[in-house]
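Q: Before I ask anything, let me first share the structure, which is written out below as structure tokens.
The values are calculated or read from the model by the stated rules, or taken from the named source; none is laboratory data. What you are looking at is a predicted structure, and each value in this text was computed from that prediction instead of being measured. When we count neighbours, we look across all protein chains shown, and the Cβ atoms used for this are built from the backbone with ideal geometry, even at glycine. Remember, those area values only see protein heavy atoms, side chains included, never the ligands or the DNA or RNA. Shrake-Rupley method; radii C 1.70, N 1.55, O 1.52, S 1.80 Å.
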Amino acid sequence: MTNENSSPGWGLRLWAVLVGLVLVAPTLIVVPLSFAGRASFAFPPKGWSLRWYQNIWQSPEWRDALLTSFQVGLLVTVVATLVGTAAAVGLHRRGGRLSAVLTGLLLAPMVVPGIVAAVAIYGVFLRWRLTGNLLGFVLAHCVLAIPFVLVAVSASLRGSDPVLLRAAASMGAGPLRAFWRVTLPSILPGVASGALFAFTTSFDEVVAASFLQSPRIRTLPVEMFVSVTNQVDPTIAAVSTVVLTITTLVVLLPMLVRTRSSERQALR
């Protein structure tokens, strides 16, 4: 019989370390390049400077793209979280084959290749005159972000206790009140996780944004792609480091908060 509590062997640990190094190695090169003292990608950098980070704020193109990405990301987070949570709750309560079919349709953007989804979005939005404006970016990114919210909230709903809803209904609580007082608190971790995934999906998305962008409005990933194709300087490394820092904080901060809350509950 195997011991379920046995720790992984040294071979598996070594393999995990090697995989981690392969994934982290490009980052370990990009971050030092963002502090290079010269306009080159020589590694290791010859000299150190912060002027490439200053270029992000001094250049109108970089600054506007960064602000646009934050604006779009926050709007997408709100809209996708509300719509994805409502869809997950409705499909969970309905059940049956129709619910399974609708879930598959809503999850299609996760399965369809990004370029295919981007071309389809561009073709529709071109007719609706939603290209080159903020509303088009938000709607396109919501299409791509809602499936992540749906998956996270659906997982939380499957772990919730339906007896609590029946108890709330027996005590006179209506559907809306039961949702706010019983369902929402139990699925709140899933809603928060879905919101984080929605933000990171919007903030890092480049394919659909490349079709919808215009000289007047661009997101940060699109500006990075244009910069790489037109000119090469360590500013792109500085922007990459900023994006990496933001996405890492978005993912790690909730984990740290949950860890501290668990430690406090254990102390009590």
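Q: Highest first, please rank the peptides 91-104, 68-81, 214-227, 29-42 by the mean number of other Cβ atoms sitting within 10 Å of their residues. Walk me through the intermediate numbers first.
A: Values: 91-104: 12.6, 68-81: 21.2, 214-227: 18.9, 29-42: 15.7.
Descending mean neighbour count gives 68-81, 214-227, 29-42, 91-104.
Q: Given a 1.4 Å probe and heavy atoms of the protein chains only, how would you sort 233, 204, largest accessible area at the top?
A: Accessible-area ranking of 233, 204, largest first: 204, 233.
Q: Here's something else I'd like to know. Would you mind telling me which residue in 24, 119, 143 has the biggest mean-square fluctuation in a Gaussian network model of the chain, where springs connect alpha carbons within a distance under 10 angstrom?
A: Answer for the Gaussian network model of the chain: 24.
Q: Please get the size of the charge dipole for the range 45-201, origin at its Cα centre, with Cβ charges of +1 on Lys and Arg and -1 on Asp and Glu, quoted in debye to the nearest 20.
A: Computed about the Cα centre, the dipole is about 260 debye.
Q: List, in order, the whole-Hz ³J(HN,Hα) value for each residue of the range 86-97 obtained from phi through the Karplus relation with A = 6.51, B = -1.76, C = 1.60 and θ = phi - 60°; use x for Gly and Pro.
A: Couplings: 4, 5, 5, 5, x, 5, 5, 6, 6, x, x, 5 Hz.
Q: Could you calculate the contour length gain from residue 158 to residue 27, that is, 0.36 nm times the residue separation minus the distance between their Cα atoms, to one decimal place in nm? Don't skip to the end; give the middle numbers.
A: On the way: separation 131, 0.36 × 131 = 47.16 nm, distance 3.71 nm.
Additional length available on full extension: 43.5 nm.
Q: Relative to 2.2 N^0.38 Å, what does the C-alpha radius of gyration of the range 1-111 come to as a ratio? Two decimals please.
A: Normalised Cα radius of gyration, the range 1-111: 1.81.
Q: With each run of n ≥ 4 DSSP H residues scored as -39500 (n - 2.57), what mean residue ellipticity at 222 nm is computed for the chain after dividing by its residue count and rounding to the nearest 500 deg cm²/dmol?
A: -25500 deg cm²/dmol
Q: Let me ask you something else. Please report Rg (one decimal) and Dmax (integer) in Å for the Cα set of the chain.
A: Radius of gyration, then largest Cα-Cα span, for the chain: 22.6, 72 Å.
Q: Quick check for you: with a 1.4 Å probe and neighbouring chains kept, what is the accessible area per residue of the range 24-165, in Å²? If you can, show how the numbers build up before the last one.
A: Working: 8130 Å² over 142 residues.
About 57 Å² of surface per residue is accessible.
Q: Rounded to a whole number, what % of the accessible area of the chain do carbon and sulfur atoms account for, probe 1.4 Å?
A: 68 percent
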